[in-house]
1. Give the residues of the range 115-133 that are more than 11 Å from the chain's Cα centre (by Cα) and either at pLDDT 95 or above or basic (K, R) (or both), sorted by residue number.
2. Which ranges mark the strands (runs of 3 or more DSSP E) fully within the range 51-127 that have 2 or more residues being buried (at least 16 other Cβ atoms within 10 Å of the Cβ) and hydroxyl-bearing (S, T, Y)?
3. State whether the residues of the range 21-35 include one that is more than 16 Å from I236 (Cβ to Cβ), in contact with a Gly (Cβ under 9 Å, 6 or more places away or on another chain), at pLDDT 95 or above and assigned to a loop (DSSP other than H, G, I, E, B).
4. If S225 passes every condition in (1) touching a residue at least 12 places away in the same chain (Cβ under 8 Å); (2) in a strand (DSSP E or B) but one, which one does it miss?
5. Can you name every residue in the range 223-232 that is in contact with a strand residue (DSSP E or B) (Cβ under 8 Å, 6 or more places away or on another chain) and loosely packed, with under 13 Cβ neighbours inside 10 Å?
6. Output the number of the condition that H141 fails; it satisfies all remaining conditions of (1) farther than 22 Å from Y210 by Cβ; (2) buried (at least 16 other Cβ atoms within 10 Å of the Cβ); (3) out of contact with any Lys or Arg (no Cβ under 7 Å at 6 or more places or on another chain); (4) modelled with pLDDT under 85.
7. Could you tell me which of the residues E165, E190 is touching a Cys at 6+ places or on another chain (Cβ under 9 Å) and either among the charged types (D, E, K, R) or more than 26 Å from Y34 (Cα to Cα) (or both)?
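The values are calculated or read from the model by the stated rules, or taken from the named source; none is laboratory data. These figures come from a predicted structure and were not determined experimentally. For neighbour counting, all protein chains shown are included, and Cβ atoms are generated from backbone atoms with ideal geometry for every residue, glycine included.
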Amino acid sequence: MLSAPKLSFYLIAVSILFGCVKKKQEAVPNYGIYSPPIVLADYCYFKTGSYWVYKDSVSGVIDCVYVKNAYVQTYDVLESANKGYTGTFHHYYVKTMDGIGDEREYDIYDEDAVQTAKCCGGRYNCQVHWNRPSTTTQAGHYYGSYTYVFNDFTPGITGGVGSGEQCWFKASVGTMTLNNMSFMNVVQFENSINVADINWSVHPYRFMNYISKGVGAIKRIDLDSNRVWKVKTYKIN
């Protein structure tokens, strides 16, 4: 039988040993240079100078959307941040402009997929801030923010940013042909957002986007008017 001093020494040694094991087990996961299973940047991020030309099925009007500014921020999450993980993550930003002055700013944070892994299956989104210059005489000079797409391509997923703003994944279309151009990996999303007119009266606005991986939006249907915009030509930098 161990004497009292030896027993105390033994208990201290065991305590230190198990303390080290526990500390090792609690090491946070390192994601390295993180890339989500579905990279929304493939659908939403395009470099400055990229553009798309669309035609309106109702009026025949031609409009161009071009990328005014774009960048990728890479940053490290260290263990000292106490987020429960470490790694290198990306923030994708794109700012587009169209012919009537509408500005859209797209933001994607791939770190969100890690932050929501325990509660929401790693879901993250591309969020859009949509503005029109306040000097315009056309209705809808401020559209606020809305969810453009989710990374979970499961029919029926809903959610959004703010009151009344929703985003539904409808289908993986696969291949689509428009104006003698063939597009691959097309997904279909429906959006419903609240927008304000020039008098700040709020109205619902619903549209369906067909988005091709590596190309962007190739077709949009304004669901309340059945107005359809189809891409005629485009350039991706």
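1. K118, R132
2. Numbers: elements: 51-56, 62-77, 86-97, 103-109.
Because the criterion is at least 2 residues that are buried (at least 16 other Cβ atoms within 10 Å of the Cβ) and hydroxyl-bearing (S, T, Y), the strands (runs of 3 or more DSSP E) in the range 51-127 that meet it are 51-56, 86-97, 103-109.
3. Our first condition is that a residue be more than 16 Å from I236 (Cβ to Cβ); within the range 21-35, this holds for 21-35.
Then drop every residue that is not in contact with a Gly (Cβ under 9 Å, 6 or more places away or on another chain), which leaves 28-34.
The next check asks that each one be at pLDDT 95 or above; those that pass are 30-34.
Okay, now just the ones that are also assigned to a loop (DSSP other than H, G, I, E, B), so 34.
The answer is yes; a qualifying residue exists.
4. (2)
5. Filtering the range 223-232 down to residues in contact with a strand residue (DSSP E or B) (Cβ under 8 Å, 6 or more places away or on another chain) leaves 223-224, 227-232.
The answer is D224, and nothing else.
6. All conditions pass for H141, except number (3).
7. Working: E165 fails: touching a Cys at 6+ places or on another chain (Cβ under 9 Å).
Criteria check complete, one pass: E190.
Yes/no matrix, rows are residues, columns are (1) closer than 17 Å to C126 by Cβ; (2) touching a residue at least 24 places away in the same chain (Cβ under 8 Å):
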| site | (1), (2) |
| --- | --- |
| V58 | no, yes |
| V65 | yes, yes |
| Y71 | yes, no |
| V77 | no, yes |
| K83 | no, yes |
| T88 | no, yes |
| H91 | yes, no |
| V94 | yes, yes |
| M97 | no, yes |
